[in-house]
1. Work out from phi, with θ = phi - 60° and the Karplus expression 6.51 cos²θ - 1.76 cosθ + 1.60, the ³J(HN,Hα) of each residue of the stretch C:365-377, listed in order in whole Hz, and give x for Gly and Pro.
2. If you project the alpha carbons of chain C onto their three principal axes, what span does each projection cover, largest first, in Å?
3. Using a Förster distance of 25 Å, how high is the FRET efficiency between residue C:65 and residue C:372, based on the Cβ-Cβ distance and rounded to 0.05?
4. Going by how many other Cβ atoms sit within 10 Å of their own, how do A:52, C:392, C:266 line up, fewest first?
5. log₁₀ I(q)/I(0) of the protein assembly as shown at q = 0.06, 0.09 Å⁻¹, via Debye over equal Cα point scatterers, no solvent, to two decimals?
6. Using a 7 Å offset from the Cα along the Cα-to-Cβ direction at both residue B:15 and residue C:224, what is the distance between the two label points in nm, to one decimal?
7. Please turn the phi angles of the stretch C:293-304 into ³J(HN,Hα) values with the Karplus equation 6.51 cos²θ - 1.76 cosθ + 1.60 (θ = phi - 60°), one per residue in order, whole Hz, x for glycine and proline.
8. Amide H to amide H under 5 Å from residue B:37: which residues, 5+ apart in sequence or cross-chain, H placed 1.01 Å off N in plane?
Amino acid sequence: MKTITLISFSIIFFSGCVQDVKPWEKEILAKKTMEDSSGNPLGKQFEEHIYFSKEASKGGGGVAGGGCGCN
Amino acid sequence: MNKTFLGLLLLSNLYAYEKGDTISNGIALHIGATQEKLYIVDFFASWCGSCKKEIPLISKVNKHIDKNRVEIIGIDVDKRVQNGIKFQTKLKENNNLNFRVINDPQNLVISEFSPIGMPTLYYIKNRKIVKIITGAVDDIDKVLLQDIKELE
Amino acid sequence: MQLKISLAVATLLSTMALNAEDYVTVQYLQYNENNNRTDVSAPSIMINKDFGTDYTLNAGFVVDVVSGASQNYYDKNYDGTSGASSDASSGASAFARALDVKASDVEYGNTNYEDKRVAINLLLTKRLENRDEIIVGINQSNESDFYSTELSTQYMHWLDSSKNQSISVGASYQFNKILTYCNDVGADGCSGASEAMDATAFNAEVSFSQNIDTTSDVNIALFFSNDDGYLDNPYLNVIRNYKSDGNADVVGEKRPDSKMAYGFAFKYAKALNDNFTLHLGYRYYRDDWSIDSHTLDGDILYEFGDDWIFKVGLREYIQTEANFFSGYKNHFTDEKYASSDQRLSAFNAMTYKSNIDYQLNDTLNINFGINYYTQSTGLDALYFITGFTYGF
């Protein structure tokens, strides 16, 4: 219930204070520098697995990362 | 950009064109779509990956059409004109762009058409929009040739 | 297995660019810890290919070569009777376990290991007519003592016609097999044949993405995971019943056979101007082993010219300890669960990141990054990531 409330709130909140970006206005949003991995998804996953191996937390970076016997 | 046509554009009703709509005089004059032939208008940009893939296929079609009856017009919506020109030059060097392109850095033309995605192709006959294709489409060259056969 | 870092090959379920492009990327990781601990060399390759406008296949392959040592309690007087090897010069074997060991023979230090891990990963994306996406994936990862198969799926739905808002729901399920040794510990050390133990891991995530304006976007995710089965590290020991003037038991650690966790993550990206882009991220994690953690991440990217991107970043991490953790040798007696794995302790960590990207020509990009990771546990690591990406 709390999850649904949080997601619904997020959708409503952002719908209210965001701009309707037109398809032809997405040049900057499409840039490599705007990507979460900055254009190097393998490099990003290397880092996330270092943290997975050396720390006790996981999650928040997508569901599939593969298994490893590292923590 | 011709200031008269810019003025006409600004004065014209700015709304999204849908199938069946008639484009304004200002737009028709500005993009050179005033004759009695089928015009295919392709909105693209250098940063649009699907556009990059589609342009060579549209150019392939352009080699086989009767230009007295069908004309393809590209509208490059790069806000930085130099990026658009660099992109077009590269395509031309590789023989991947052979149709007329109008630069629309202030996005006035595309704002009037207001497509819901990129790239978008508008088929225009006698200033009337007869078909719209939005987004990446498999075998766009085959689709275009079939549409031209039916619509010209 | 767990004494070392093993790195799975990348998958891309977290973010999908609007325009998938064809590329092959080859990357190499070199990771080195302080105090002669873990070293990892990991070459990897990934190919991303569109098939028409509706399908994209992503395939990856990685080999980790891991060597070094990990810190562990052990009986320094261990004479190898369990059948596992020991290194006389380091004096340490992960299986240097026995009951009634003299207290003065209990040591904490490096125990050696080496291993190779091979992993392959496949992801298939199907775009529907409304451009929603379905992604299915499979990952297979094999080490000498650990085998993992993971199946994953995700559905991304556009919430508006301008494609500024989307919601994604994803889940993955892992089937893991772990080989354990030294399952019975007596006064003479270990006995018992090796045994294959099972564990499963279920992960789920729902996330919401929004373009805020022409220069910024945000992503909010809620995640949940449930691990079941054999969750111990079969190489790590704990000390029980320690009497400083007497004896102690050096035995394998024991963790609960389930772990449930949840949390949320927030990511924000903003192009500050033509040259500078800012990324900020925060994650909160909580599980039923009493571990809470906070992660704060920030990167600044600077573009100079048309071809260069320079990135610097900081990541700060803090966690509480598991409710069955103790780093003291005189702590545990007959508790059901016990671990002295530093990864389950309370600590904080910082990562200092830097990377440079150079677009050599229209199709080739090269990258080089140096990063420094330091924990308050005393662990420090320097790692390099370098490679190239070829677009076709």
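1. Karplus values, whole Hz, x for Gly and Pro: 10, 10, 9, 8, x, 10, 9, 10, 10, 9, 10, 6, 6.
2. 72, 37, 33
3. Working: r = 22 Å, r/R0 = 0.87.
After rounding to 0.05, the efficiency reads 0.70.
4. Details: A:52 23, C:392 9, C:266 15.
Fewest-to-most Cβ neighbours within 10 Å comes out as C:392, C:266, A:52.
5. -0.40, -0.77
6. 4.7
7. Computed from phi, the couplings for the stretch C:293-304 are 9, 10, 10, 10, 10, x, 10, 10, 10, 10, 9, 10 Hz.
8. B:126
Here, each number is a calculation from the coordinates, and none is a lab measurement. Please read all numbers here as calculations on a predicted model, not as lab measurements. Glycine gets a Cβ as well: all are built from the backbone with ideal geometry, and neighbour counts include every protein chain shown.
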